[in-house]
């Protein structure tokens with residue numbers, strides 16, 4: 001009889017330990033913020049398409065995913081402050097042709113836009129026209145970005 005009680009207790013402790021470890025493994029990172037929204041992309045004032053956007057801001061990096069319903073990820077941008085952003089698929093690096101300054105400061109612009117009540121930048125950078133306007137309206141963040149002939153308008157909500 002004592003052997004069976006020991007085995008029951010040892011199994012109970014094992015199950016408890018496994019539950020404890022697995023519950024700690026799925027805790028969310030408290031240093032991250034997630035945002036979801038919709039954006040409309042146009043080129044030369046002609047509407048191209050609407051997309052869903054997910055932005056995950058971590059302590060040292062920002063991940064932007066642009067998705068199309070039923071299609072999946074269209075563009076993923078991983079930005080680390082002071083480093084060139086990594087875009088996938090790679091063909092968008094050539095299409096967007098971001099200046100080095102913009103490419104290295106995407107994370108800075110995203111954090112400023114998302115954590116301030118308002119951000120407005122309108123400047124010529126390396127012969128590229130660049131404009132960004134972010135304004136909070138309650139829980140909604142309205143964004144407008146213009147880069148060369150591309151316009152991006154939309155809204156984002158914190159998850």
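Pairs of Cα atoms in the stretch 33-158 fall into 10 Å distance bins, from 0 up to the last occupied one, in shares of 13, 46, 38, 3 percent.
Using the Cβ-Cβ distance between residue 59 and residue 117 with R0 set to 22 Å, the FRET efficiency works out to roughly 0.50. Each label was represented as a point 7 Å from its Cα along the Cα-to-Cβ direction; for residue 34 and residue 74 these points are 2.2 nm apart.
No value in this document is a laboratory result; all are computed from the given coordinates. As the structure is a computational prediction, the values presented were derived from the model and not from experiment. Glycine also receives a Cβ, built like all others from the backbone with ideal geometry; neighbour counts cover every protein chain displayed.
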